[in-house]
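Worksheet: the structure to be examined is printed underneath.
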Amino acid sequence: MTMRFLTLIAGAAGLALATLIAAPPAHAQTRELATQGELLDRVVAIVNDGVVLNSDLDAEIAAVTERLHEQKLELPAQNVLRQQVLERLVLQELQVQRAGKAGVKVSDDNVNAALQDVAKRNGMTLTQLPEALSRQGIDYPTYREEIRREIMLQMLRQRDVLQHIVVTPREIDQFLEKQSKLPSEHNEYNVSHILIAVGQEASQAQLDAAAKRANDVYERARGGEDFAKLAVAYSNSQTAFDGGALGWRKGSELPTFLTDVIIKMKPGEVSEPMRTPTGYHIIKLNEVRGGAQHAVEEQVHARHILMKTTELADDATVKQKLEALRERILKGEDFAGIAQTVSEDPGSAVDGGDLGWSGPNTFVPDFEAAIAQLKDNEISEPFKTQYGWHIVQVLGRRSVDTTEEVKRRQAMEAIRAGKADEETELWLRRMRDEAYVEYKS
């Protein structure tokens, strides 16, 4: 059985797990060599000042084919698959070029962290990863560069698309008002999607052709043809080679332009084509399931005093000072007054060390662990975290229904996710429309 490797993509503030891939990156495949030792290759597309090579196209087709076989999805005609894959490689090349011009770079540390996670999730160490890849015919240095490229493209998307998405309080209010009127507010939906893309500068003839294709695909899907197969063959979305699958999404996390349509559909139904700035969308609702309605959070109210080591005060010295302060407080001196005078935490010292009410995972693990061991009003022994040495006092604990807060946070994330889907497709279409692309037979 072929081992599946996890690829990681960089997010706004670090690396985040993306998805399982059924085959290694296409460019990491071993390429055929001629008997003279020269690489057999040719250009299949000129993309601005770059190219797409036939070897890359063949390798990507092989990877996609293997992936579709593992997902038990029927392959489209070879010429259709080839054109779909080629167009995807053109978009990737455009993004790589844009990242290069924008100075988007991925450090070796980021790549190593991604590979470390790949290895860990496949039950091995990082040092074992090259050998495991080699057994699958994958060149490790090339694989590293593929991972670097994937991270770079996600960083580019974050820079060009995601960080420019703004969600206003009014949008959240409107979203929640709309959701509150729907009986399915807490449901989750398993959705698949086909996009027939339309360029922003498309002529009327091109618009008419796209509309006809969308209607043809819709009729075939409604008539019982396999939706995933149609997605592979015709969709211009980035989910095409997943059979168009968007996966499970809460009702509040659906792309905004789909919400009204999905709510009215029954499992198994296919929507009529919907026109948006990116093209025509055809949706299939696969399944629906219920979700949780309330969120209760355990919060703790604490205050602390922080002291840091210096060249003149080592760990032992600072710990001893805090022990002395703790004894003074236990004998009746005011914790807040001492914290205002000596604490080196600029965020809380002015408030007498008060950290306010905080939920789980607010603090670093060592600090959380120290708080967890204390009873109300108890003061800890001095302990060390990455920020320095602390003594902490728990002032109280409470259970808080954070449903409304959670709903607003989820609404914001849902609106952002909905905008991100559409804005990413628009971004890719603009990039494609502005590019010089010449296909070579």
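The values are calculated or read from the model by the stated rules, or taken from the named source; none is laboratory data. Just so we're clear, the structure is a prediction, and the values are computed from it rather than from any experiment. Glycine gets a Cβ as well: all are built from the backbone with ideal geometry, and neighbour counts include every protein chain shown.
For HIS301, the test of being touching a strand residue (DSSP E or B) at 6+ places or on another chain (Cβ under 9 Å) and either among the acidic types (Asp, Glu) or at pLDDT below 90 (or both) is failed. Would you check which residues across the range 98-107 are surrounded by 14 or more Cβ atoms within 10 Å (Cβ to Cβ) and not in a helix (DSSP H, G or I) and list them? The answer is VAL104, VAL106. Going residue by residue through the range 370-391, is there one that turns out to be exposed (fewer than 15 other Cβ atoms within 10 Å of the Cβ) and under 30 Å from LEU176 (Cα atoms)? No, the range 370-391 has no match at all. The single condition from (1) of a type outside the set (A, V, I, L, M); (2) crowded, with 23+ Cβ neighbours inside 10 Å; (3) under 21 Å from LYS419 (Cα atoms) that ASP260 fails is (2).
When each of ALA349, ALA339 is tested for being touching a Gly at 6+ places or on another chain (Cβ under 9 Å), at pLDDT 90 or above, of a type in the set (A, V, I, L, M) and over 21 Å from GLU297 (Cα atoms), the lone residue that passes is ALA339. Exactly one residue out of LEU374, LEU426 is in a helix (DSSP H, G or I) and out of contact with any Phe, Trp or Tyr (no Cβ under 9 Å at 6 or more places or on another chain), and it is LEU426. Among the residues of the range 385-423, those identified as over 30 Å from GLN174 (Cα atoms) and assigned to a strand (DSSP E or B) are THR385, GLY388, TRP389, HIS390, ILE391, VAL392, GLN393, VAL394, LEU395, GLY396, ARG397, ARG398.
List the pairs whose first member sits in the range 385-412 and is in contact (Cβ under 8 Å) with a residue 60 or more places away in the chain, whose second member is exposed (fewer than 15 other Cβ atoms within 10 Å of the Cβ) and in a strand (DSSP E or B), and whose Cβ atoms are under 6 Å apart, counting only residues at least 6 apart or on separate chains? Close Cβ pairs (under 6 Å, with a partner that is exposed (fewer than 15 other Cβ atoms within 10 Å of the Cβ) and in a strand (DSSP E or B)) amount to SER399/VAL296; SER399/GLU298; ASP401/VAL296. Being of a type outside the set (S, T, N, Q) and more than 23 Å from MET152 (Cα to Cα) narrows it down to one of ALA62, ALA99, so name that one. After ruling out the rest, the residue left standing is ALA62.
When PHE367 is tested against the conditions (1) assigned to a helix (DSSP H, G or I); (2) touching a helix residue (DSSP H, G or I) at 6+ places or on another chain (Cβ under 7 Å); (3) in the same structural domain as LYS331 (by TED's automatic domain parsing), the lone failure is (2).
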